[in-house]
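Below is one structure, written out as structure tokens; comments come after it.
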Amino acid sequence: MNKALRFIFVVCLITLSSQSLAQNVLVPVNAKWRYYDSAIAPANNWHHPLFDDSKWPLGKAQLGFGEGDEQTRLAKTSAGTPIIAYYFRHEFNWNGPNVPTKLNLRMLVDDGARVFINGIEVHRLLLPNGTQSGQPRLTSNNSDVHFATGSLIEYMWYEVTLNKKVTLQQNNVVAVEVRQISQHSSDVSFNLELLLN
């Protein structure tokens with residue numbers, strides 16, 4: 001094989017490989033997300049696909065405050081009240097089978113999170129099972145079950161293969177609720193990548 005043909009062959013391989021990888025990324029790192037950062041809880045159906053989030057601001061990940069590496073800065077308080085829970089929504093398109101074989105979730109999150117795809121909770125990280133949507137009740141001893149139960153290292157990516165069968169449509173919504181570990185938390189971080197393997 002002469003040099004010109006070899007060069008064309010390598011370029012074709014690289015192109016096909018990069019296209020294949022691009023098709024596997026459903027939600028890219030540093031995507032733009034609709035977000036809600038208020039001490040008043042959003043509507044109960046905030047995570048459903050048909051929820052109207054057009055009035056929520058749009059910001060590029062990483063979203064948060066207190067670390068200095070945020071692309072979009074979130075509010076720490078609202079009218080003097082600490083914000084304990086933050087809400088994020090991102091839409092993506094899909095043209096493959098309704099039930100993909102394997103989805104990998106990667107998150108950079110501080111502190112706990114619940115992840116929904118098309119209104120169905122698919123993963124929970126450092127949150128108790130009883131957690132419901134809405135701002136946690138602030139208590140004097142921070143014993144409320146709605147706070148996160150722990151915290152990850154802010155700059156480390158958490159990875160998991162989703163166990164639940166996820167049904168995808170042509171238009172899909174990933175919705176994430178991120179909760180603080182206490183009302184005195186000094187930072188919050190959020191970024192996410194969703195991959196099809």
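Any read-out appearing in this document is the output of simple, stated calculations on the displayed coordinates, not a laboratory observation. Predicted model, so just to flag it, every value in this text is computed and none were measured. Here Cβ is always computed from backbone atoms with ideal geometry, including for glycine, and neighbour counts include all displayed protein chains.
Each label point was placed 7 Å from the Cα along the Cα-to-Cβ direction; for N45 and S186 their separation is 4.2 nm.
What net charge is computed for the residues neighbouring V29, neighbours being all others with C-beta under 15 Å from the C-beta of V29, Lys and Arg scored +1, Asp and Glu -1?
Details: positive: K32, K60, R106; negative: D69, E70, E159, E193.
The answer is -1.
Here the extension length gained between T167 and K60 equals 35.9 nm, from 0.36 nm per residue of separation less the Cα-Cα distance. In terms of overall dimensions, the C-alpha atoms belonging to segment 38-94 reach 35, 25, 16 Å along their principal axes, ordered largest to smallest.
Based on the mean of other beta carbon atoms within 10 Å per residue, what is the order of 41-47, 81-87, 98-104, most packed first?
By packing density, highest mean first, the sequence is 81-87, 41-47, 98-104.
For K76, a cut-off of 18 angstrom between C-alpha atoms picks up these aspartates and glutamates, skipping any fewer than 8 places away in its own chain: D37, E67, D110, D111, E154, E177, D187. Which log10 I(q)/I(0) values does segment 70-118 give at q = 0.16, 0.22, 0.24, 0.33 Å⁻¹ under the Debye formula, counting every alpha carbon as one identical point scatterer? Per q value, in the given order, log10 I(q)/I(0) is -0.71, -1.07, -1.19, -1.46.
Of the GluC sites (Glu not before Pro) found in segment 18-115, not one falls in a DSSP loop while having at most 12 other beta-carbon atoms within 10 Å.
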